[in-house]
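Student: There's a structure below that I have some questions on.
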């Protein structure tokens, strides 16, 4: 299984002090040594971590393909077309969110997304759509003629954290936190089944399947064991572990798990 390492959180640490260190660019060679197959970054509209120049230099200098996550905003799409990453992953954005909270609404934004996909393809950039594990979203993805979908695993990861972690002490506010453990186990199993079913349908429709969001060293094998998923994009948990182990070891540990 392929591993895309999202290095946004290196830039998050830099932006905490508004200085020039640590530099996300320094991670590129280490990611390759650790066995990463792809570099993933997110150029958000508010530029809260990765900046335009970060994206430019990373794409120019990375020996690994770069997957650039971005909104469907026309200005952002124009920037992506100039930068020419190997892949653009279209994601929803809300300024007030801590992190991306769900998949794209392909039905409500179909024409805007179609326009963005067309422009990216004209610039020889393959396209992925970040979506929920929903039959309609997958069928619409096929109609949009993209190469990839990335299934949003955030709900799965949240349920796992309710069972095994400290989600109740995080920024999340979720009614399921009050459920008994046996109900949470059912929810977790159903969430994985939905992801597996969605990945199988996407494969039948000739879409390549990635997955990501909230995946970590504790929960990742439940997703990586789904054979129809070809790639995982993981960031925060790898960067968090690298504080203690170093980035190369953190990536190797994740590669071994998946």
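The values are calculated or read from the model by the stated rules, or taken from the named source; none is laboratory data. A quick note: this is a predicted structure, and the numbers were derived from the prediction, not measured. Virtual Cβ from ideal backbone geometry, glycine too; neighbours counted across all protein chains shown.
Student: Give the residues of region 51-70 that are surrounded by 20 or more Cβ atoms within 10 Å (Cβ to Cβ) and not in a strand (DSSP E or B), sorted by residue number.
Tutor: 54, 55, 58, 62
Student: Is at least one residue of region 190-200 more than 23 Å from residue 67 (Cβ to Cβ) and touching a helix residue (DSSP H, G or I) at 6+ places or on another chain (Cβ under 7 Å)?
Tutor: Looking for residues that are more than 23 Å from residue 67 (Cβ to Cβ) and touching a helix residue (DSSP H, G or I) at 6+ places or on another chain (Cβ under 7 Å), one finds at least one in region 190-200, hence yes.
Student: Just one of (1) farther than 23 Å from residue 10 by Cβ; (2) modelled with pLDDT under 95 trips up residue 111, so point out which.
Tutor: (2)
Student: Among the residues of region 16-23, is any within 23 Å of residue 145 (Cα to Cα) and modelled with pLDDT under 95?
Tutor: Applying the first criterion (within 23 Å of residue 145 (Cα to Cα)) to region 16-23 yields none.
No: region 16-23 contains no residue that is within 23 Å of residue 145 (Cα to Cα) and modelled with pLDDT under 95.
Student: Among 211, 198, which is the only one that is under 25 Å from residue 127 (Cα atoms) and under 14 Å from the mean Cα position of the chain (by Cα)?
Tutor: 211
Student: Next up: For region 89-105, name all the residues that are crowded, with 17+ Cβ neighbours inside 10 Å and either modelled with pLDDT under 65 or in contact with a helix residue (DSSP H, G or I) (Cβ under 8 Å, 6 or more places away or on another chain) (or both).
Tutor: So in region 89-105, the residues crowded, with 17+ Cβ neighbours inside 10 Å come out as 89-93, 100, 103-104.
Within region 89-105, 90, 100, 103, 104 meet the criteria.
Student: Consider only pairs whose beta carbons are under 9 Å apart and that are at least six residues apart or on different chains; among these, list those whose first residue lies in region 8-21 and is on the phi > 0 side of the Ramachandran plot and assigned to a helix (DSSP H, G or I) and whose second residue is at pLDDT 95 or above and surrounded by fewer than 17 Cβ atoms within 10 Å (Cβ to Cβ).
Tutor: none
Student: While we're here: Say whether the condition of being at pLDDT 95 or above, out of contact with any strand residue (DSSP E or B) (no Cβ under 6 Å at 6 or more places or on another chain), closer than 17 Å to residue 72 by Cα and part of a loop (DSSP other than H, G, I, E, B) is met by at least one residue in region 147-168.
Tutor: The answer is no; no qualifying residue exists.
For every residue, the table says whether it meets (1) more than 16 Å from the chain's Cα centre (by Cα); (2) more than 22 Å from residue 251 (Cα to Cα).
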site	(1), (2)
15	yes, yes
19	yes, yes
22	yes, no
30	yes, no
61	yes, no
67	no, no
70	no, yes
73	yes, yes
77	yes, yes
